[in-house]
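Have a look at the structure below before the remarks.
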Amino acid sequence: MISIIFKPRNAILILLIFSLGLYYHSMNAELLSLDDAELMNHYNNSNNSFKDIFFPNEMHVYYRPIVISSFLIDYYIWMDHESGFHLTNMILHSANAILVYILSLWLVRDSTLNHLNGGKNVITWSKARNVAAFFAALLFAVHPINTEAVNFISGRTDILATFFVLISFLLCLVRHSTPNQLESYIMYLVSCLFYLLAILSKEVALAFPFIALAYELFSHQNSGIIQRIKSGLSLLIIFAIPMLIYFYMRSHGLSGGDIGIGKTLSILHISKSILFDGIASLGFYFKKLIYPFPLNLAIIHIQKGLSFVIGAVFLVSLFTMGLLTLNKVKGRLTMTNGGLVAFLLWAILFSLLPSITISVTPIAWTPYAERYLYLPSTFFCILFGIFTMKTSQVAVANFSLPDKPTQSFLVFRTGSESCGCKKPIKTLTLNLPSTQEIISESCGYKKTINTLTTLFIVTIIIVFSTATYKRNILWLNNLTLWEDTIKKSPNFSKIYNEYGSALMRNGKEEKAKEQFLKGMEFGFKSLPLFNLGLIAMKNNDLNLAEKFFNEGIRITPNAWAYRKLATIYLAKAGRDNDKNYLLKGIESYERGYSLDRNNLLLALKLGGLYYRVGKYEDAQAILQKAIKNNPNSYIEKPARKILDKINKKLS
């Protein structure tokens, strides 16, 4: 039965059942108010061309055109139905689980676990590797730490980057087994292509060449350390090519200003505090891989003392094991020489370095995030799968028994005439266990250990699967998710705004006001002010709404806020029959459009208002530009109606 389950085809089927089954409810989840709602609004109201995605010519922190392209493809297929976006994340996660399974098989191939009975009876990796690979991939599929990356549509950055990194790494492994030199070069070329796609998905993939370097150092290179280092440096030079292409594209794509690089370079001035925080971040993330609880969307504080100790112990162990292993590695990676363990631990470290950088720089929304562990979790789960196979020997062991049972005896003689004793000599014979009895007892003991270890592994899978399922249910709507988050991070000002927004959408306006005011007490004011303005608009208190939006815009001007402010002025113009409010509305639309010239809704509204006040040429110019840059968009039909009216006026 076990051998049937662990056959590759069946194992992959089970992985699909677990990964898709656990995340099935995610298709019914709301758009997360943090980024996902803004993402969908962008595609509904902006120019959605691939040219602008790869070369936006603007100032930004991130440059991730491949992920944005995947969102655009989703939008073309599903429009604004979030279920389709969630489904893509689920499919990519399932694909990554399968890639983890295949990668595990490649890493442990052609090795031998133990030799028994003079080499006649062997538990081979060829039988056991399927078990190790299956547990590694299954653990990855159900690991609760990955729920954030899968449920968070904008978290696709980590999923997609991991997808391309794993493919690139697999191609590197296949290259080692390719005898044809031309095919080997082609493998390298394709591997570099997937690496470029990975970097263009998220910057975390920049760490991959160092992961590949670790593999070269601890894998089947020549026994000399110098030779392995030379091979690794050659690999770094090869992967430097797609890296240079990425930075070239980034510099041209973010020609308006690269905020992300600037903030990252700020940590080059290494201080004791940054070093301490970095090691503490490493310890925190490594502990999260082993014990992911409590799960929290907004992690702003960690136990730095304990985390620093864990991180320091991890680093000392890592360097010690690496140095010892480098002197022992001969042939392929095996558990017996420690090469595979050393490689996987170094891979975890390298894949964590970008996340550690974020923890000490003001780049992201929070200094720590569970979704950052998506790529490191692949190597951790492979390590866990290999470790369980080595320690528990889950594979079925077939011991050959002797054809004829043998029996051994020990004979003791007591008493002796030569020593003056008158006692006769007595013979004591002890029967020793037969060979068959010894092997039977050994098999029974081994089966007991394997059973207990298997139960332990199954328990982990059940506990993690349950936690993942419950967490996915929590992600179904913003109200439950932010309510849980605010309990775990009560001092984080921004989540009060998100929780208040969720309450407001559920008709609980008074409770929402309380949350907005709490957020403002912590110093976060612009978004709570905008939301208070929305509540005032809903209650038809236009003067109060105008006050809130103007205060918020003074702190953080943005196109959406100007559009809402314009709506307020136009409502007051209609109510009071005051043209001054109409002009203020036009001015607000103009300011909003100046901040986001790709916003189609702003272009349509502004063009309509220009026509309304008799600025026909201005209306014509802005509407024609919007139609030209966005053919077949949702604004084309109403924009052409206005243009037809303008043409009649001008003719």
For the range 44-53 the number of residues that are surrounded by 18 or more Cβ atoms within 10 Å (Cβ to Cβ), at pLDDT below 70 and assigned to a helix (DSSP H, G or I) is 1
For the range 601-625, how many residues meet the condition of being under 17 Å from THR567 (Cα atoms), open to solvent by 20 Å² or more (accessible area, probe 1.4 Å) and either in contact with a His (Cβ under 7 Å, 6 or more places away or on another chain) or aliphatic (A, V, I, L, M) (or both)?
3
Can you list residue pairs whose Cβ atoms sit under 7 Å apart, with the first residue in the range 284-310 being in contact (Cβ under 8 Å) with a residue 60 or more places away in the chain and the second being open to solvent by 10 Å² or more (accessible area, probe 1.4 Å) and among the β-branched types (Val, Ile, Thr)? Count only pairs 6 or more apart in sequence or on different chains.
PHE284/ILE302; PHE286/ILE310
Could you tell me whether MET90 is modelled with pLDDT under 90 and crowded, with 16+ Cβ neighbours inside 10 Å?
no
Scope the range 307-328; condition at pLDDT 95 or above and open to solvent by 90 Å² or more (accessible area, probe 1.4 Å); matching residues
none
Residue by residue through the range 207-237, note down the ones that are at pLDDT 90 or above and out of contact with any helix residue (DSSP H, G or I) (no Cβ under 6 Å at 6 or more places or on another chain).
ILE237
Do you know which residues across the range 275-289 are surrounded by fewer than 18 Cβ atoms within 10 Å (Cβ to Cβ) and either modelled with pLDDT of 95 or more or in contact with a helix residue (DSSP H, G or I) (Cβ under 7 Å, 6 or more places away or on another chain) (or both)?
PHE276, LYS287
I'd like to check something: does the range 446-460 contain any residue that is farther than 30 Å from ARG371 by Cβ, open to solvent by 70 Å² or more (accessible area, probe 1.4 Å), within 32 Å of the chain's Cα centre (by Cα) and modelled with pLDDT of 75 or more?
yes
Some residue of the range 626-634 being of a type in the set (Phe, Trp, Tyr) and buried (at least 19 other Cβ atoms within 10 Å of the Cβ)
no
Subset of the range 626-642 [in contact with a helix residue (DSSP H, G or I) (Cβ under 8 Å, 6 or more places away or on another chain) and modelled with pLDDT of 90 or more]:
PRO638, ALA639, ARG640, ILE642
Inspect all residues belonging to the range 362-369 and state whether any of them is surrounded by fewer than 21 Cβ atoms within 10 Å (Cβ to Cβ), within 30 Å of LEU455 (Cβ to Cβ), modelled with pLDDT under 80 and not small (Gly, Ala, Ser).
no
Is it the case that the range 573-581 has a residue that's open to solvent by 10 Å² or more (accessible area, probe 1.4 Å), aromatic (Phe, Trp, Tyr) and more than 16 Å from ALA536 (Cα to Cα)?
yes
Picked from the range 122-156 (must be open to solvent by 10 Å² or more (accessible area, probe 1.4 Å) and over 24 Å from ILE14 (Cβ atoms)), the residue modelled with the lowest pLDDT is VAL122
Got a sec? Which helices (runs of 4 or more DSSP H) wholly within the range 580-651 have at least 3 residues that are under 25 Å from PHE55 (Cβ atoms) and within 39 Å of the chain's Cα centre (by Cα)?
600-612, 616-629
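The values are calculated or read from the model by the stated rules, or taken from the named source; none is laboratory data. Because the structure is predicted, anything quoted here is derived from the model rather than measured. FYI the Cβ positions are ideal-geometry reconstructions off the backbone, even for glycines, and counts take in every protein chain you see. The area values use the complete protein model at the heavy-atom level, side chains included, leaving out ligands, DNA and RNA. Shrake-Rupley method; radii C 1.70, N 1.55, O 1.52, S 1.80 Å.
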